[in-house]
Structure formats: C-alpha cells, structure tokens
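One structure, as structure tokens, below. Some questions next.
Just so you know, all these numbers are worked out from the coordinates, no wet-lab data involved. Since the model is a prediction, treat every value here as computed from it, not as a measurement. Methodologically, a virtual Cβ is constructed for each residue, glycine included, from the backbone with ideal geometry; neighbour enumeration extends over all protein chains shown.
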Amino acid sequence: MHATAPSQDYAPTSESPHYIAAALQMGAARDVIAHRDIFSANGIKLVAKGSRLTPTQFERLTQHKLSAPLDHMIDSEDPVDAQYLATAAARILAHEPVYARMAAHTGDALAVKHGLASLKLPHPALMRLTVMREKRGQSFEHSLRAALIAHALAQRLGLSIAERYHLLMAAICHDFGEMHTDPAILAVDHAIAAAERNFVHVHPVTSYVLLHDMPGFPPQAAQAVLHHHERQDGSGYPHALRAQRIPLLSRLLAVADVAESVIRRHDLPRLDVLLRLNLARFDARTVGALRDLIHATPDDAASRPHEHGVMTQLLHIADLLQAWSVLRSSFEAAVAPRDTADSPLAFLFERMASIRGVVLQAGFDPDHADSMLEIARGDPGLLLELRGYLDELDWLLQDLAHEIERRAPQMAGLPHMPIDGLLLHLQPIQHSPA
C-alpha cells in the first residue's frame, strides 16, 4: 500500500530545463537530501525524508510528474540560509570600499547584516539561492550586492523596518527568473540577439510567478520584484508603468539593481553621471539618496578615458542626431497626430526628446564635436565627465533600441524603413584600442 501524497499535482514540464540542469550539476558536486517525503503525482512514495540522493536518483526524479516542485522537497549540503547571507554581506563590507562607504553613510553600517540575518526565506527560496550560488555565481553576487545598496537606500530614505525587510527579501530573490534563461544568452561575452532579448525581458514575470506561488513569501516583496525593471518615464518592462504607478520598493530596487551593475562594470563617476542624467527614468528621491551615499569624486575613476574613444563616441551621437532630424518627418507622417496617447510612436518622440535633453545638458554641440574634445583635453576631470556623459548616452541609445524591439507588435503596421534606419544608428559603436 502506497503512502498518501499531497493533493496538488506538479508537472516538472512546467519547470525550466535550464534551472533543472543547474540543480542537477550542483547535485553531482555535493550531497542532495530529501527535505521531506517525495511523492509522484499518483501517490507513489519515491524517496523518504532524510534520504541522500545519488546523482542518478536526482536525475530520475526530474523525469517524474511530482506532487510538488522539486526544490520544495530537497536540501543541499552547505545550503544558503539567512546567516550565510549576513556573513557574506559582512565580508563585502569589510573588503570592498564602495560598499563600506555606502554603509557608513547610512548611520548604521551593521543594520543590513542584521536585516539579512533576520530574513525568514521559505525553503524553496533558499534552495534556489543555493543553486544560484553554485551554478550562477555572478547572479548570486549581483543579488547580494544589490540588496546591500537597496537597504542603504531604504535607511537613507527612512523606510520602516517592515519595508526594509520586504525590500531585502525582494532584492535577494529578484533575479530568480534568470535561472530559467539559457546561461549562454546571459554570458558576459555574448551579444544578445533581438529574439533572445525576449527571454531576458520576461525574467521579472518569471521571478514574480515563482515567488508569488511560494508559501511564506511576502506579497509586497513579490510585487517589488515584478516591477523592478519599470522606469518612471514608461520606458521599462514588463508593463511600461510610469511614476507613482510603480510601487515604492520597486523604485528603490530598480536603482539598486542598475547601480550594482555599473559599480561592477565601471566606476563611481560613471554611476554618478548615470544618476544625474536619468532623473526622468528613476525615482528622484532615490537617486538623490544614492548620490549622497556614494559621494563620487574623480579619484574614484577606474581608468582615464582615451581621447580617441571619446571622439568616436562624440561623432556617433552627432550622426544619430543628424539622422533623427531627417527620419523624424517620416515618423510624423506615419502617425497623425503623433502626440495622442494611443499613438504607437508616441514613446519614440518622447525618448528622442529625452536623449536630446541629455545632449544639451552635457553642453554638446553636435556640429562641433572636435571643439568640445579640445576644451576637455587639457582638463582630466572634465574629460572624465565628458566620457561619463557619452557612455551614458550610448547606454540610452541601446536601451531605446531594446524598447523598439519590445514594442514591435504595436508598430507592426508602420513602414519599416524609417524604423530600420533609426535602429541602425542606435547600434553601439565598436571601440578601437588607443
């Protein structure tokens, strides 16, 4: 006679093959233990609680239709838990000056460590974090550092203890959906194709579904995860929300998420420029709080800019603005009137106006790029500032290209030639060595 299984069936076919592959790889390297009795969907007890699973047994389980998601029912040797997160955070604060600086400016540098130690993460979340740490290490480190930044912002803005708790929960788990994406797409050296980008854009929704359906995970934190790629001007995803329609915790997490990536890939001056130029895209109070926390100076620059690269960027921006002055009439003719709320091209005019505003804010004259470089050449601080502006403009152009790709279904009936022409000018430039 078979033991009775829980009533709700779970089909592993709904689980991502990429996440299952990562879990299997982890299971081959360390012990995996049944967290509870594991049943098939038809009530057959497959594994008893406490049993150690061999790699072969573990793989066979992934082929069964089970009574619950597999990561609800297994444990790993040396799992991630709240204390592990707190210890890892303390190590970052002790050895990475940028994060130590931010924590010190909050007034209570140890608050984030205590906050992480207090998290009551559901078992499936801890299992996913363990798989992420072992097989998607860069994503795990990103999530942890984004949590440090998000908590520092929450402290600076005076959020309540409950809000800080939910924000930490969201930050630690915000990229769970990326483990359902082919790791080859997310590789640092991989140029993401347009068709592949759809898999990237869906990850906040995937993360939300995983967390929303996870018993014990706070709904406020799950909601923050869903909207952490929304932007104040409506240029984000998945729902193109604007301003106050974006939950407060999502607005903080959005800034923390971007800030961690810029700190890791670039430096604090680049981050400071990004923050100053993106007040239309990010919550202004949150941006102000982060700028206060980082106090970027030219001494924080990772390297000095090369003049040749700066000139190449200047010419790229000049070419785009000249092309837009020609293409604009084609876009205006495609939709009349262009400024109606339901126009499929309204976003495009808004984004290009924003890019033009950034150019003007930088004091850039597209017709005299060489003179602008000449002014900056004798001043290392000014050249660094100019490079930061131009890097940020390059990023804005790529982001607009991605938004055009996301909105392609709404623009399906429009002429392709002007859109293709604009996309060509939005492509990132190839920097040659100095």
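Taking a quarter of the surface of the Cα convex hull of the chain, what do you get in nm²? Display every interim value, and only then the final one.
Details: hull surface 92.3 nm².
Over all viewing directions, the chain projects a mean Cα-hull area of 23.1 nm².
What residue among M411, M179, M26 shows peak mean-square fluctuation when the chain is described by a Gaussian network model with Cα springs under 10 Å?
M411
Just to confirm my numbers, what's the Cα centroid distance between the stretch 248-278 and the stretch 279-323 in Å?
Answer, in whole Å: 11.
Counting other beta carbons within 10 Å of each Cβ, put V98, V255 in order, fewest first.
Working: V98 22, V255 25.
Final ranking by Cβ density, sparse to dense: V98, V255.
Who wins for biggest fluctuation among S325, S261, S143 in a Gaussian network model of the chain, springs between alpha carbons below 10 Å?
Of the options given, S325 has the highest mean-square fluctuation.
Sticking with this one: Return the Rg/Rh ratio of the stretch 82-299 with Cα-based radii and a Kirkwood Rh.
Here the Rg-to-Rh quotient is 0.93.
Most fluctuating residue of L46, L279, L293 in a GNM of the chain with Cα springs under 10 Å: which is it?
Greatest mean-square fluctuation among the candidates belongs to L46.
Go through the stretch 68-175 and name the GluC sites (Glu not before Pro) that are in a DSSP coil and have 14 or fewer other Cβ atoms within 10 Å of their Cβ.
Sites meeting the loop and neighbour criteria: E77.
Follow-up question, since we're still on this one. For the stretch 43-108 and the stretch 378-428, write down the distance between their C-alpha centroids in whole Å.
Computed from Cα coordinates, the inter-centre distance equals 39 Å.
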